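The values are calculated or read from the model by the stated rules, or taken from the named source; none is laboratory data. Note that the coordinates shown come from a computational prediction; the quantities given were computed from them, not determined experimentally. All Cβ positions, even for glycine, are placed from backbone atoms using ideal geometry, and neighbour counts span all protein chains on display. SASA here: full protein model, heavy atoms, side chains in, ligands and nucleic acids out. Shrake-Rupley method; radii C 1.70, N 1.55, O 1.52, S 1.80 Å.
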Amino acid sequence: MYQSNDSNALNYFIAPEPVFEQDNDLSDQISPKIKAKKQVLCVKQLTKAYKGGKNVLDNISFDLYEGEFVAVIGRSGAGKSTMLHTLNGTISASSGEILDVSGEHENVITMPRKQLRHWRSQCSMIFQNFCLVPRLDVITNVLLGRLSHTPTWKSMFKVFDDKDRVKAIELLKWLKILPHALQRAENLSGGQQQRVAICRALMQEPKILLADEPVASLDPKNTTRIMDALQKVSGEGIAVMVNLHSIELVHQYCTRVIGLEKGKVVYDGAPAGLTDDILHTLYGDEVDQLS
């Protein structure tokens, strides 16, 4: 996916000029279409309710397959972000099952802490506010994605293996952010920070990549860059699930749509099946504001 000669990659930080050739357009590097898709997740009757309140997620069920690019849509408060965070395990569910069917069919909801930490590396999350460490440089932020694979004493002193540094460099190159590798994350634009966040998530070698409104605060140019990058990730066989507000982006990039209304799934199918009636069910009077 993003491999090259190890010594060349490491030499990037000591050579007077970058040793890599100029990147081609992302679309030129997308892998061949995956023919046989493997199921990676099974969600059954997932429910989340906060104390004293109504169900934020109400009996949600669906399967997820490798290489899918799934948009989660619905008006604000429909449960989109809660669902992604529940799948990742950062928010606990009230009931139901989230089964890692590519592994031991363990239920994420009942996983002990240590096992849940491993699951989060397999079901990685990209947050809307990036969650980078502002004062650390870009490559160190990316390397933090290996914490779950790194001994505690090494992580405390930010000591990472050469093979991890090579992979981090290759990911930064892959998403055209390598020239900024030694800059502090706080000095990057929003679009650049989001690409760094994607690199950090991919350092975990996930089977599933969740993105919580990754383009909500970006300009059109950076929106295209991030959506192209996520499409490329799904092209590598990783299941991508992303919250989106733009129906235009859904049609342009996604292979499947899950529509939520008041915590319930009211649509699960191809983008082409999003009729005016379905959109009105999902968005009500807000449907006229959709782009």
Report yes if some residue within segment 145-152 is farther than 20 Å from I226 by Cα, in contact (Cβ under 8 Å) with a residue 24 or more places away in the chain, of a type in the set (S, T, Y) and out of contact with any strand residue (DSSP E or B) (no Cβ under 6 Å at 6 or more places or on another chain); otherwise report no. yes
Matching option when the condition is free of Cβ contacts under 8 Å to residues at least 60 places away in the same chain and closer than 29 Å to L99 by Cβ, among G191, G269: G269
Hey, any hits in segment 259-271 for a residue that's surrounded by 18 or more Cβ atoms within 10 Å (Cβ to Cβ), closer than 30 Å to K48 by Cα, acidic (D, E) and in contact with a Phe, Trp or Tyr (Cβ under 8 Å, 6 or more places away or on another chain)? no
Within segment 29-70, restricting attention to residues that are modelled with pLDDT of 95 or more and of a type in the set (S, T, Y), which residue is nearest to A211 (Cα to Cα)? Y65
Taking segment 176-217 as the search range and keeping residues that are open to solvent by 10 Å² or more (accessible area, probe 1.4 Å) and among the polar types (S, T, N, Q), which one is modelled with the lowest pLDDT? S217
Which numbered condition H105 fails, given (1) at pLDDT 95 or above; (2) on the phi > 0 side of the Ramachandran plot: (1)
Do you know which residues across segment 127-158 are outside any helix (DSSP H, G or I) and either open to solvent by less than 40 Å² (accessible area, probe 1.4 Å) or modelled with pLDDT of 90 or more (or both)? F130, L132, V133, P134, R135, L136, D137, T150
Could you check segment 35-86 for strands (runs of 3 or more DSSP E) lying wholly inside it with 3 or more residues that are open to solvent by 30 Å² or more (accessible area, probe 1.4 Å) and touching a Ser or Thr at 6+ places or on another chain (Cβ under 9 Å)? 39-49, 55-65
Identify, please: which residue in segment 159-175 is farther than 24 Å from R225 by Cβ and part of a loop (DSSP other than H, G, I, E, B) and is, among those, modelled with the highest pLDDT? D161
